[in-house]
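Enquirer: Below you will find the structure I want to go over with you.
Read the figures in this text as sums done on the coordinates, not as results from a lab. As the structure is a prediction and not an experimental result, all values here were calculated from the model. FYI the Cβ positions are ideal-geometry reconstructions off the backbone, even for glycines, and counts take in every protein chain you see.
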Amino acid sequence: MRDVRKKGVVAITHHGEIELVMMSIGEYRQRTANFPTQAEQKARLAELTAEFDRRLASVRDPDARKRIDAAMDARGKTKRRPKAGDY
């Protein structure tokens, strides 16, 4: 406990391998302060699920096969020159 109070974090080893890390409650709270809450995690997961569903819907579109074939047939060539930037 003295080492934890003095150093903040102490690694506990067994046969030269770190097995545990002991830290003060203040150090723990500081390190976990920015972790998302469970509600935030669920909200983010819902956003990712909706984005995935939108992308999946575009692949399931009846014209998707034609668009994919056209992209493959182009072999990296485009009809217009690509633009760099926003102009």
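Enquirer: Answer yes or no: is there a residue in segment 66-83 that is of a type outside the set (A, V, I, L, M, F, W, C), touching a strand residue (DSSP E or B) at 6+ places or on another chain (Cβ under 7 Å) and surrounded by 10 or more Cβ atoms within 10 Å (Cβ to Cβ).
Expert: No - not one qualifying residue is present in segment 66-83.
Enquirer: Could you check, for segment 24-39, whether at least one of its residues is in contact (Cβ under 8 Å) with a residue 12 or more places away in the chain, outside any helix (DSSP H, G or I) and surrounded by 10 or more Cβ atoms within 10 Å (Cβ to Cβ)?
Expert: There is at least one residue in segment 24-39 that is in contact (Cβ under 8 Å) with a residue 12 or more places away in the chain, outside any helix (DSSP H, G or I) and surrounded by 10 or more Cβ atoms within 10 Å (Cβ to Cβ).
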